[in-house]
1. Quick check: the angle from helix 16-25's long axis to the longest principal axis of the chain, C-alpha only, nearest 10 degrees?
2. Given H placed 1.01 Å from N in the peptide plane, which residues other than close sequence neighbours of T260 have an amide H under 5 Å from its amide H?
3. Any chance you could give the angle, 0 to 90 degrees and rounded to 10, that helix 68-78 forms with the longest Cα principal axis of the chain?
4. Per-residue HN-Hα couplings for region 195-211, Karplus 6.51 cos²θ - 1.76 cosθ + 1.60 at θ = phi - 60°, whole Hz, x for Gly and Pro?
5. If you roll a 1.4 Å probe over the chain with all protein chains in place, what percent of the accessible area is carbon or sulfur?
6. Are there any chymotrypsin sites (Phe, Trp or Tyr not before Pro) in region 94-191 that are in a DSSP loop and have at most 14 other Cβ atoms within 10 Å? List them by number.
7. So, with +1 on the Cβ of K and R and -1 on the Cβ of D and E, and no other charges, what is the size of the charge dipole of region 38-177 about its Cα centre, to the nearest 20 debye?
8. Output the 0 to 90 degree angle, nearest 10, between the alpha-carbon long axis of helix 43-54 and the longest principal axis computed from the alpha carbons of the chain.
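The values are calculated or read from the model by the stated rules, or taken from the named source; none is laboratory data. As the structure is a computational prediction, the values presented were derived from the model and not from experiment. With ideal geometry, Cβ positions are generated from the backbone for all residues, glycine too; neighbour counts draw on all protein chains shown. The protein model used for the area step is the full one, side chains on, heavy atoms only, and it has no ligands, DNA or RNA in it. Shrake-Rupley method; radii C 1.70, N 1.55, O 1.52, S 1.80 Å.
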Amino acid sequence: MHYCFIVNNEPGKAGNADKIRADIENLPEKIDFEIYLTTAEKTAIDHVRDYCKANPDQETCFVACGGDGTINEVSTGMVGAKNKHLAVLAYGSGNDFIKYYEGKDFRSVEALVKGTAHKIDIIKIGQDHYSINVCNFGFDSVVASTANKLSRKGNKNPYRWGIVKAIFCGRFNRIQVKADGEELNPGKRMLLCTLGNNNHVGGEFFCSPRSKNDDGLIEVGYCKTTTLMGFLGLLPIYTAGQHLDNPKASKHFIYRQAKTVDVHSDKQIELCLDGEMLPGNDFHIEIIHNAISFIIPA
């Protein structure tokens, strides 16, 4: 197995490469590896794709060393390639993806090398965009878009400030959502919608509590618009992942499992794909079953 460690090279994070190299040198058994430092946003996608094309038969493990954005880029570059695996070293500011694997050590190179491969799904949006964790829009995407902008400016609580903004301008969305052809809440406004492959978003929200990332289904959680007081009452229930079972909250939600989802808005909106924003008016979304071989740490 050849290991390719993809390291987020943003200011303050490049030092992770030195730590990874030191951890590899301390392994009981030596491994064949290389370290690639990203030079800009999206460069990991191109690097992984080019590597897969140049080495189609080589068994390779691409290790995403960063947060959810890095995991998204590496997995996007891998889709469709054979003999390739995804692994994660969680050095990012946000790692919602790994919360699915409670109790596993995603900071140990040794646990990674001794891990086991398991096939998982990925969500495809349009022709060339993917989400391996959660795709969300409406209130959530206003939060994420605001948080991304604040994070680049060094704000310490960008997601919380994103929620404040969305409370005032992200609660009444005219977005049409169809799950396997069934229109949800036709003609009505919606608060938010999450399309889960995994189950956490925003660092603390257990948005898709029933999601399984290997069942070939998207967990669709559609929330109807509610009053400000109603929203504030929903928030702690939603955060804890109890919104589908708690009668106080469940009446506001439409839950479906689907293979395809179609989204339309007359006004341009943004979909949030693992924290990355994708603008548009019309989106066709589908699940690709067993698309990624993922290494679960020992």
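1. 50
2. D180
3. 70
4. 10, x, 9, 9, 10, 10, 8, x, x, 9, 9, 8, 6, 10, x, 9, 5
5. About 50 percent, which is the carbon plus sulfur part of the accessible surface.
6. Loop-located and lightly packed - F172.
7. Roughly 580 debye, rounded to the nearest 20.
8. Result, in degrees: 50.
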